[in-house]
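Here is the structure we will look at, set down as structure tokens.
Please treat every number below as a calculation from the coordinates, not as lab data. Nothing here was measured: the structure is a model prediction, and the numbers come from that model. Heads up, the Cβs are rebuilt from the backbone with ideal geometry, glycines too, and the neighbour counts pull from every protein chain shown.
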Amino acid sequence: MRMMSGAAMVVEALKEVGVSHVFGYPGGAVLDIYDALFAQDDVKHILVRHEQGAAHMADGYARATGRTGTVLVTSGPGATNTLTGIATAYMDSVPMVVLSGQVPSMHIGEDAFQETDMVGCSRPIVKHSFLVKKTTDIPMAIAKAYYIANTGRPGPVVVDLPKDLVNVQDKHPYVFPDDVTMRSYNPTVKGHSKQITKAVACMLSAKRPVIYVGGGAIIAEADGLVTQLAEKLNAPVTCTLMGLGAFSGVHEQFVGMLGMHGLLEANKSMHNADCIVALGARFDDRVTNNVDKFCPHADIIHVDIDPASISKILKAHIPVVGSVDVVCKQFLDRMEDVDTEAQKEKLKDWWAQINEWRARKCLDYKQGAEVIKPQRVIEAVYKHTKGDAYISSDVGQHQMFAALYYPFAKPRRWINSGGLGTMGFGLPAAMGVQFAFPDACSVVITGDGSIQMNIQELSTCLQYNLPIKVISLNNRALGMVRQWQDMNYKGRHSCSYMDSMPDFVKLAEAYGHIGIQVDKLDQLDEAMERCFAEKNRLVFMDILVDQNEHVYPMQIKYGAMDDIRLSKTERT
Amino acid sequence: MRRIISVLMENAPGSLSRIAGVFSQRGYNVDSLCVAPTSDDSLSRLTIITQADDKVTEQITKQVNKLIDVLRVAELSEAPHVERELMLIKVATRTEIARAEVNRNVDIFRARILDVTAQHYTIEITGTSDKLSAFAHVMGHCADITESARTGVCSLSRGDRALRP
């Protein structure tokens with residue numbers, strides 16, 4: 001039996017569960033753990049500039065790889081600074097473990113220096129949490145934390161470590177558990193066979209089916225099986241904001257993203273469907289619009305690994321609890337006899353109708369001669385990355401433009417804060433992606449508002465030589481807020497403008513990077529070329545875009561799925 | 001509609017706050033909550049009384065079940081069950097008449113006097129919540145209620161149905 005300090009146990013257990021990177025920031029309560037990190041090379045520590053950045057980096061790393069992201073922070077402010085990052089991960093079911101320092105056990109509850117009840121603070125936004133009480137419990141707590149974070153419906157787990165338990169002097173026996181199964185935690189991955197039978201019958205009898213794919217399909221690595229199912233049935237496929245890439249954005253059966261800013265053909269298909277196959281999607285309010293008017297003709301098959309997601313918003317006619325990959329396989333096993341040609345024949349009218357909606361070309365926009373339209377920038381990024389980049393996004397208009405104008409052919413390429421909508425997520429998330437895949441093209445699509453929420457991480461980018469490409473759609477305003485003010489508040493732009501914008505080019509240069517400003521359409525292509533040719537440097541593209549552009553299509557509040565504004569003047 | 005939700009969970013620190021958290025963060029109401037270790041002291045059993053329609057009850061059950069420490073959740077009120085609550089009530093009995101009246105009602109309700117001082121009777125009563133409320137109401141008429149404490153409802157299914165680990 002090996003004897004070691006609590007701090008060494010933390011590091012040893014991290015190695016044991018296969019952690020490659022820890023994103024963190026030192027402080028009083030975790031100095032011992034940092035000392036143990038110093039003594040080894042297996043686990044690489046990334047020193048961030050703000051703990052929120054650490055959490056988003058771990059999040060980006062996890063979304064791009066499927067592996068659990070790890071955060072290490074000190075007690076008090078270090079811990080509370082991660083809360084937005086934890087909530088972001090929680091809303092989007094991202095596996096993450098946050099190791100937070102805590103004041104020594106004997107001082108807990110005394111309002112000690114840098115004390116905060118981290119387990120209490122984070123309780124509503126974690127999948128689970130541990131307050132470690134004994135040094136010898138450390139390996140088990142860490143093993144369980146990683147097991148819980150990345151099984152079932154993934155999510156963040158907090159492990160709170162009092163300073164006295166991790167001191168480097170006291171040595172205790174280290175035993176890493178062989179088995180972490182818990183009697184109280186046993187996620188169902190396989191669909192109930194009766195439900196599978198019912199669901200298959202429903203899909204095969206449908207005349208107007210739609211497959212509605214959410215982030216759960218990406219988490220379950222089910223993209224291949226989803227594609228097989230869709231091709232077998234010849235059904236149209238729509239993806240949620242979180243599901244983009246689970247089904248190829250360039251596949252002919254793809255009808256686009258659905259929901260608030262979804263495509264006309266996607267939302268029309270949903271509204272007119274007679275059978276909706278929801279795969280790892282949760283009928284979010286940004287998808288359904290008014291639930292009372294939601295898809296009035298459809299039988300809903302809802303596949304989700306989290307039973308609590310099923311029938312939370314809308315009653316599922318055929319609920320199937322299970323992992324999307326396993327359940328899709330079960331569906332396909334029952335469909336061996338299905339003749340895809342016959343399916344094509346059966347759905348001929350349905351596709352004719354869908355193609356009519358597609359012909360409306362709802363993503364068309366008018367690019368003038370000089371002022372750059374934001375949509376045009378995304379198209380340029382697509383062109384210059386050959387559609388093969390990791391795109392991390394912040395939150396706002398640019399996020400929707402990216403989701404709509406950059407088709408994702410592969411899963412885990414679209415990294416965005418869908419559920420919580422966290423501005424400031426993009427840059428650190430793209431950094432997490434770059435740490436996971438040093439040779440990949442990691443791009444941030446951001447705006448002048450969002451980028452300033454975690455801009456300090458540009459400094460971290462220099463320290464670790466991250467050649468990220470920051471594409472900032474600068475409209476000198478909080479675009480999405482402004483759009484809503486235009487639509488719902490008679491154009492009263494209350495606090496949605498920025499009057500003292502920094503010089504982003506100088507700012508990028510001050511951080512040691514390359515800054516490029518573009519304000520005319522005819523410069524855009526050349527600047528993009530320069531940007532993506534810089535393989536080893538971070539380039540910050542400050543692109544001045546049309547301030548008055550709105551994101552369309554957009555569902556009309558309180559309406560049905562297919563009540564949509566198509567431009568400032570047109571609606572369905 | 002009144003529901004009885006019964007939960008079997010790990011008897012671990014923080015478990016109760018997680019359950020309470022689910023109710024507060026999701027806007028479910030709690031009329032009463034009764035919790036203690038079971039005969040197997042590694043487990044706790046909670047009984048929660050709430051007011052909810054079918055949809056909300058389904059969500060409560062699922063959201064509570066989703067907690068890592070929770071082994072089983074059941075809605076007991078949907079099937080035959082027994083339920084009991086215990087109340088301790090202290091009344092001031094300053095006159096002979098009041099003492100006699102309190103005594104008489106203690107017999108009628110099959111309650112029990114636990115403690116007597118010069119001025120006070122402390123009474124234990126077990127039964128359904130309605131019975132406890134009725135008793136408290138009657139006590140209020142024949143004496144001054146000094147204080148009272150109720151445990152909240154505790155309940156089990158009838159027959160074979162059981163929450164087992």
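Worth pointing out:
- Gain on full extension, evaluated as 0.36 nm per residue between A:Val291 and A:Glu231 minus their Cα-Cα distance, stands at 18.7 nm.
- Take each residue of peptide B:63-69, count the partner chain Cβ atoms within 10 Å of its Cβ, and average: the result is 5.
- GluC sites (Glu not before Pro) restricted to DSSP loop in the stretch A:487-540 with at most 16 other C-beta within 10 Å: A:Glu534
- The Cβ shell under 14 Å around A:Asp542 holds other residues with a net charge of +1, Lys and Arg each +1, Asp and Glu each -1.
- Folded to 0 to 90 degrees: helix B:96-108 orientation relative to chain B principal axis, Cα: 40 degrees
- Placing pseudo-labels 7 Å out from each Cα toward the beta carbon at B:Arg26 and B:Ile108 gives an inter-label distance of 4.3 nm.
- Rounded to whole numbers, the Karplus 3J(HN,Hα) couplings from phi for the stretch B:138-144 are 5, 4, x, 7, 9, 7, 8 Hz, using 6.51 cos²θ - 1.76 cosθ + 1.60 with θ = phi - 60°, and x at Gly and Pro.
- Sequence-distant residues sharing a close amide H with A:Gly256 (under 5 Å, placed H): A:Cys239
- On the beta carbon distance between A:Ser567 and B:Arg164, with R0 = 60 Å, the FRET formula returns roughly 0.50.
- Over all other residues within a Cβ to Cβ distance under 12 Å of A:Leu507, the charged ones net out to -3, with Lys and Arg as +1 and Asp and Glu as -1.
- Here the 3J(HN,Hα) profile of the stretch B:54-67, calculated from phi with Karplus coefficients 6.51, -1.76 and 1.60 at θ = phi - 60°, is 4, 5, 5, 4, 4, 5, 4, 4, 5, 5, 5, 4, 6, 4 Hz, Gly and Pro shown as x.
- Set of lysines near B:Lys131 by C-alpha distance (under 29 Å), chain-local residues within fewer than 8 positions excluded: B:Lys90
- Distance violations [Cα-Cα > 23 Å] among A:Lys194/A:Lys293; A:Lys127/A:Lys194; A:Lys144/B:Lys55; A:Lys410/A:Lys469; A:Lys293/A:Lys315; A:Lys133/A:Lys171: A:Lys194/A:Lys293; A:Lys127/A:Lys194; A:Lys144/B:Lys55
- Helix B:15-25 vs. chain B, principal-axis angle (Cα, 0 to 90°, nearest 10): 90 degrees
- Residue (of B:Ala36, B:Met87, B:Ile5) at the positive-pole extreme of chain B, dipole from beta-carbon charges: B:Ile5
- Of all DSSP-defined beta bridges confined to the stretch A:167-322, some 5% are antiparallel rather than parallel.
- Relative packing of peptides A:155-165, A:338-348 - highest average C-beta neighbours within 10 Å first: A:155-165, A:338-348
- Computed [θ] at 222 nm, helices only, for chain A once each DSSP H run of length n ≥ 4 contributes -39500 (n - 2.57): -10000 deg cm²/dmol
- Net +/- balance of residues flanking A:Thr572 in space, Cβ distance below 15 Å, scoring K and R +1, D and E -1: +4
- Between A:Lys133 and A:Gln40, the FRET efficiency from the beta-carbon distance, with R0 = 25 Å, is close to 0.45.
- Between A:Met487 and B:Ala149, the modelled labels are 5.6 nm apart [label points 7 Å from Cα along Cα→Cβ].
- Restricting the chymotrypsin sites (Phe, Trp or Tyr not before Pro) of the stretch A:489-565 to loop positions (DSSP other than H, G, I, E, B) with no more than 12 neighbouring Cβ atoms within 10 Å leaves A:Tyr558.
- Structural descriptor for the stretch B:61-134: relative contact order 33 percent, calculated from alpha carbon pairs under 8 angstrom and at least 6 residues apart.
- Here the protein assembly as shown is treated as an ellipsoid with the same Cα gyration tensor; its semi-axes, largest first and in whole Å, are 50, 35, 25.
- Prolate/oblate/rounded label for the stretch B:82-150 (Cα gyration tensor, a/c 1.5): prolate
- Proxy reagent accessibility, fewest Cβ within 10 Å first, across B:His120, B:His141, A:His302, A:His271: B:His141, B:His120, A:His271, A:His302
- Amide H contacts for B:His81 (H built 1.01 Å from N in the peptide plane; partners 5 or more residues away or on another chain; cut-off under 5 Å): B:Arg158.
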